[in-house]
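Report on one structure; see the data block that follows.
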């Protein structure tokens with residue numbers, strides 16, 4: 001069984017993180033005011049960009065760890 005290569009992991013990570021970005025922005029725009037947290041749209045976008053970078057790195061390395069695990073089990 002062929003695993004996912006590094007390029008595939010990268011593409012998957014980018015798609016996962018970018019698709020979550022839109023959800024995060026909308027969620028922050030709804031939830032922050034409900035919690036009394038006031039941030040500008042620029043602050044909201046900057047904060048979400050930080051989470052995007054962290055999420056991307058996490059997603060990529062978790063995928064690579066799973067791929068290593070699958071290769072070891074074969």
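When every residue of region 6-25 is checked against the conditions, none turns out to be modelled with pLDDT under 80 and not in a helix (DSSP H, G or I). Only one of the numbered conditions (1) modelled with pLDDT under 85; (2) more than 19 Å from residue 10 (Cβ to Cβ); (3) surrounded by 10 or more Cβ atoms within 10 Å (Cβ to Cβ) is not met by residue 74, and that is (3). If the condition is being farther than 22 Å from residue 6 by Cα and in contact with a helix residue (DSSP H, G or I) (Cβ under 6 Å, 6 or more places away or on another chain), then region 40-74 contributes 44, 48.
Exactly one residue out of 66, 56 is in contact (Cβ under 8 Å) with a residue 24 or more places away in the chain and assigned to a helix (DSSP H, G or I): that is 56.
The values are calculated or read from the model by the stated rules, or taken from the named source; none is laboratory data. What you see is a predicted model; the values in this text were computed from it and never measured. With ideal geometry, Cβ positions are generated from the backbone for all residues, glycine too; neighbour counts draw on all protein chains shown.
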